[in-house]
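Shown next, in structure tokens, is the structure this report addresses.
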Amino acid sequence: MASGFGWGGGRSRCFTYWQEFQKCYAQTDNPIECRPQSRDYLECLHHPQEVTRAKIVQEEFIRKVEHSAKEGRKTADVLAEGSIVGVGLIQRGGKGDGEAK
């Protein structure tokens, strides 16, 4: 990865982060100062923060489905309202489905 060449022959997606880290590391006497650049590079490579956020969103979605099931709604109705991708800007359900709000 640090070579700068991706699978398709061009620059890899994380090469710019590697360059920033390498530049910081070469210019400093205290390597701890380069932790932000190191974190950015590792996030680009492995996406740990993105995976953590996705798990939190998925757990909230599952909790919402379970809560709706306790209220007597069918799971299919909850899933029809949206999926994990939805951000909750458009609310459906209740009285007057299909009406403009």
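List of remarks:
- Restricting segment 24-45 to residues that are free of Cβ contacts under 8 Å to residues at least 24 places away in the same chain and among the hydroxyl-bearing types (Ser, Thr, Tyr), the residue that is surrounded by the most Cβ atoms within 10 Å (Cβ to Cβ): Ser38
- Elements of type helices (runs of 4 or more DSSP H) contained in the chain, each with 2 or more residues being at pLDDT below 75 and of a type outside the set (D, E, K, R): 75-81
The values are calculated or read from the model by the stated rules, or taken from the named source; none is laboratory data. Since we're looking at a predicted model, the values are computed, not measured. In this analysis, Cβ positions are derived from the backbone assuming ideal geometry, glycine residues included, and neighbour counts consider all displayed protein chains.
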